[in-house]
Amino acid sequence: MPVATTNSPVRERSHRAFERACGLMPGGVNSPARAFGAVGGKPLFMQSGSGPYLIDVDGNQYVDYIGSWGPMILGHAHPQVVDAIQQAVAKGTSFGAPTERESELAECICQAVPSIQKLRLVNSGTEATMSAIRLARGATGRDKVIKFAGNYHGHVDSLLVAAGSSAANLGVPDSPGVTEGTSRDTLVLQYNDIAGLESAFADQGNQLACIILEPVVGNMGCVPPAEGFLQTARQLCTQHGTVLIFDEVMTGFRVAYGGAQELYGVTPDITTLGKIVGGGMPLGVYGGAADLMDQILPAGKVFQAGTLSGNPIATAAGLATLKLLRDEPPYDYLETQAQRLADGLSAAAKDAGLEHQLQRVGSMMTLFFNAEPVHNWEQAAKCDRELFAKYFWGMMDNNIYMPCSQFEALFFSATHTPELIDRTVDVASRVLRQIGQS
Ligand code: HOZ
């Protein structure tokens, strides 16, 4: 695996911090995607973020294209979000009792995503998808779940089968500790395979509790839905009494204010949200039609609970973020800059003579080092990961912080100026040309 070149920024303090962390946390990190396992080398330790920048503990400034893996659509430390958090924190950090702000945030979410009439606030995307699956099973009285290879829905046991994101990178699509029993009821299909989906329903339609999918996949790199794929899923679910779950943890408030369901005009039964909805604080959501959600305890019988659910600091950050996105929508700006970045990266890879695909939906995108377009996991798995690792470290050595895996989408924020985008493209052109010549 390539490592930093002699021109690279000094990373001594990060390296020491990593050594220390390795003695204290598995792999030195609290979430595997951060460990740089897919690109080799050691992760950077961060001390602060501001707008489009991250500053590491050695004082190096990076243009950030991870955005905390999606949440930071307004950039780091947005003054209004910081202010909302500061005001909330001064009044207490957790009550374990209802607050009015929870309803304010819930109203804001329901207005943005009309398929959500009622919702539950939880603490992470994983909790949201786990609870959504339980609700679907409870409501239908059925066990089986369809998921798609390369889609990642957090570390939920029954969904940790052929998963994307770091589960794909580390070569552990089926984690030890996930029992056969837990995953027995999970059917894994190829993403965008309409015929495969129809055939699964023809065989087992009356046993299927739900389909869960990323309406735009971010966790095998950015893979948009094929024409008719989401519509077919919707139609089959309606026909067979199966619950359709859109995991919009990445796409919610990202590809449009109303998420991918607004963009593609397909309405799920349950939506899961995370990342942006918490404004950078731990917050997840699952929600849908009122009668379905009313099956959750104490209105109904399906159990789900949490001491920190609806936490006052997280709801303050989320609410401030959603209000800014609603009142001053950045989506046109993001689209223009995303096109600029995508065109630039694509041209840079072409000029360097490298086989590639640039796939994008709004401000999430991936430069795949692959000869063919990537519609599913089988095709994603053919990407040249060594080439990706060289590209990643080339960018890092020039202070551009890209996702550390071929199987993660790049995100940027409303604070990334056209000049920064152009600088990124210039760096990519140099780095890719050098790779092409080597
Ligand atoms: N689930 C995130 C990537 N798809 C990674 C989270 C993290 O490592 O911070």
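The values are calculated or read from the model by the stated rules, or taken from the named source; none is laboratory data. Quantities reported herein were computed from a predicted structural model and do not represent experimental measurements. Note that each Cβ is placed from the backbone with ideal geometry, even for glycine, and that neighbours are counted across all protein chains shown.
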Exercise. Looking at (1) more than 16 Å from the ligand (Cβ to nearest atom); (2) within 24 Å of the chain's Cα centre (by Cα), can you tell me which one Q207 breaks?
Worked result: (2)
Exercise. Restricting to the stretch 268-326, what's the tally of residues that are part of a strand (DSSP E or B) and over 22 Å from the mean Cα position of the chain (by Cα)?
Worked result: 2
Exercise. Tally time: how many residues in the stretch 175-203 are closer than 25 Å to P225 by Cα, of a type outside the set (A, V, I, L, M, F, W, C) and out of contact with any Leu (no Cβ under 8 Å at 6 or more places or on another chain)?
Worked result: 6
For this session: Could you tell me which of the residues S103, S175 is of a type in the set (S, T, Y) and modelled with pLDDT of 95 or more?
Result: S103
Seminar exercise, completed: When the stretch 241-257 is checked residue by residue, the ones that are more than 11 Å from the chain's Cα centre (by Cα) and in a loop (DSSP other than H, G, I, E, B) are G241, T242, F253, V255, Y257
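Could you list, in sequence order, all residues of the stretch 131-156 that are of a type in the set (S, T, N, Q) and either surrounded by fewer than 24 Cβ atoms within 10 Å (Cβ to Cβ) or on the phi > 0 side of the Ramachandran plot (or both)?
Within the stretch 131-156, T140 is the sole residue that qualifies.
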Seminar exercise, completed: By residue number, the members of the stretch 248-293 that are within 21 Å of S124 (Cα to Cα), more than 15 Å from the ligand (Cβ to nearest atom) and not hydrophobic (A, V, I, L, M, F, W, C) are Y257, G258, G259, Q261, P268, D269, T271, G279, Y286, G287, G288
For this session: Could you tell me whether S103 is within 16 Å of the ligand (Cβ to nearest atom) and either among the charged types (D, E, K, R) or surrounded by fewer than 20 Cβ atoms within 10 Å (Cβ to Cβ) (or both)?
Result: no
Problem set entry | Complete set of residues in the stretch 350-395 that are over 16 Å from C222 (Cα atoms) and in contact with an Asp or Glu (Cβ under 8 Å, 6 or more places away or on another chain) | E355
Exercise. Hey, any hits in the stretch 394-406 for a residue that's within 26 Å of L54 (Cβ to Cβ), surrounded by fewer than 24 Cβ atoms within 10 Å (Cβ to Cβ) and hydroxyl-bearing (S, T, Y)?
Worked result: yes
For this session: Residue by residue through the stretch 37-76, note down the ones that are within 13 Å of the ligand (Cβ to nearest atom), within 15 Å of F407 (Cα to Cα), modelled with pLDDT of 95 or more and not β-branched (V, I, T).
Result: W69, G70
Seminar exercise, completed: Counting only residues in the stretch 25-36 that are in contact with a Pro (Cβ under 9 Å, 6 or more places away or on another chain) and part of a loop (DSSP other than H, G, I, E, B), the one farthest from the ligand (Cβ to nearest atom) is identified as F36
Exercise. Looking at the stretch 60-67, is at least one residue touching a residue at least 12 places away in the same chain (Cβ under 8 Å), closer than 28 Å to P418 by Cα and among the hydrophobic types (A, V, I, L, M, F, W, C)?
Worked result: yes
Exercise. Which ones in the stretch 77-93 are on the phi < 0 side of the Ramachandran plot and either within 16 Å of the ligand (Cβ to nearest atom) or among the small types (G, A, S) (or both)?
Worked result: A84, A88, A90
Problem set entry | The one condition in (1) assigned to a loop (DSSP other than H, G, I, E, B); (2) over 22 Å from the mean Cα position of the chain (by Cα) that P71 fails to fulfil | (2)
For this session: Considering only residues that are of a type in the set (A, V, I, L, M, F, W, C) and in a helix (DSSP H, G or I), look in the stretch 115-135 and name the one that is farthest from the ligand (Cβ to nearest atom).
Result: L135
Exercise. Scanning the stretch 350-370 for residues that are among the hydrophobic types (A, V, I, L, M, F, W, C) and in a loop (DSSP other than H, G, I, E, B), which turns out farthest from the chain's Cα centre (by Cα)?
Worked result: A352
Exercise. Are there any pairs, at least 6 apart or on different chains, whose C-beta atoms fall under 6 Å, with the first in the stretch 160-172 and modelled with pLDDT of 75 or more and the second among the aromatic types (F, W, Y), and if so, which?
Worked result: A163/Y152; G164/Y152; G164/F407
